[in-house]
Amino acid sequence: MFILDQQSSIASQFLAEIRDVNTQKDPLRFRQNMRRLGQLLAYEISKELNYQTKAIETPLTVSTARVLEDELVVISILRAALPFSQGFQDLFDRAEFGFIGAARKPHAEHEPVEIALDYLATPELNNKVVIIVDPMLATGKSIVKSIDSILKNGAPKALHIATTIAAPEGVEYLKQNLNTPYSLWSCALDEKLNEKYYIVPGLGDAGDLAFGEKL
Ligand code: URA
């Protein structure tokens, strides 16, 4: 598992701001920091991709340069992923994009979380590099359910899971329940889940912070 925050970088400041109740009062800054973290994590993932050399003509001469060879599909889990996945769109501007609607079903405290999937739109995935983007890896159930459903649309050549904050319980759930090879990338790895399955210390509800509370 790759954890961006294990090395000192400006990512630590963006993470501090998205967690801080004072800066959280500014939703534009929250979304912007999510987007910047998405850009930084996308850059890290880009180091694992395949490139090909091609001839390019500069104003001065003909030269060669390396360009992305892999066909990428970035799939966002709605709605919380949107600002974070914008960072991936910024860097992987020639990718295709997909969307999944996933939400926790209403549940009592301590009862297991169940996930409802209600929207799926992806291109064909055969032989493409798929990056699935979900900012909060809490129980891991929405990612596992989402991946099970997208694999009906083809067999990717590689699968990357990108999150802003991961909980150890979610990381373990992926290990136990994903039957396909994957790489996990997170900006931070937190301590644990609380009794409502929120990540601690975490940041609260990423979707509400970006877009306002839902009914
Ligand atoms: N989703 C969130 O937005 N926050 C959490 O802590 C867990 C899931």
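The values are calculated or read from the model by the stated rules, or taken from the named source; none is laboratory data. What you see is a predicted model, and the numbers here were worked out from it, not measured in a lab. A quick note on method: Cβ atoms are made from the backbone with ideal geometry, for glycine too, and the neighbour counts reach across all protein chains shown. Ligands, DNA and RNA are stripped out before the accessible areas are found, and what is left, the full protein with its side chains, is counted by its heavy atoms. Shrake-Rupley method; radii C 1.70, N 1.55, O 1.52, S 1.80 Å.
Some values worked out for this structure:
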item: About the Cα centre, charge dipole magnitude for segment 74-118 (Lys/Arg +1, Asp/Glu -1 at Cβ), debye; result: 60 debye
item: Computed [θ] at 222 nm, deg cm²/dmol, the chain (DSSP H ≥ 4; -39,500 (n - 2.57); rounded to nearest 500); result: -9000 deg cm²/dmol
item: Segment SER9-ASP90, length gained on full extension (0.36 nm per residue, minus Cα span); result: 27.2 nm
item: Using alpha-carbon coordinates, inclination of helix 141-150 to the longest axis of the chain, degrees; result: 40 degrees
item: Net charge dipole size for the chain [Lys, Arg +1 and Asp, Glu -1 on Cβ; Debye, nearest 20]; result: 260 debye
item: Additional length obtainable on full extension of the chain from ASP26 to THR58, 0.36 nm per residue less Cα span; result: 7.2 nm
item: Estimated translational D of the chain in µm²/s (Stokes, Kirkwood radius over Cα pairs; 37 °C; 0.692 mPa s); result: 183 µm²/s
item: Accessible area, probe 1.4 Å, largest first, for residues SER149, SER183; result: SER183, SER149
item: Low-density loop positions, GluC sites (Glu not before Pro), segment 1-67 - DSSP coil, at most 13 other Cβ in 10 Å; result: GLU48
item: Per residue solvent-accessible surface (Å²) - segment 68-215, probe of 1.4 Å; result: 46 Å²
item: Sulfur and carbon atoms: percent of accessible area, segment 69-215 [1.4 Å]; result: 50 percent
item: Pairwise FRET efficiency - ALA155 versus VAL67, Cβ, R0 = 35 Å, nearest 0.05; result: 0.90
item: Inter-probe distance in nm under a simple model that places probes 7 Å from Cα toward Cβ, at ASN50 and ILE115; result: 2.8 nm
item: Candidates LEU117, LEU60, LEU78: whichever shows maximal mean-square fluctuation once the chain is modelled as a Gaussian network with Cα springs under 10 Å; result: LEU60
item: In segment 169-200, trypsin sites (Lys or Arg not before Pro) in a DSSP loop with at most 14 other beta-carbon atoms within 10 Å; result: LYS196
item: Surface accessible to a 1.4 Å probe, LYS54 within the full protein complex, Å²; result: 100 Å²
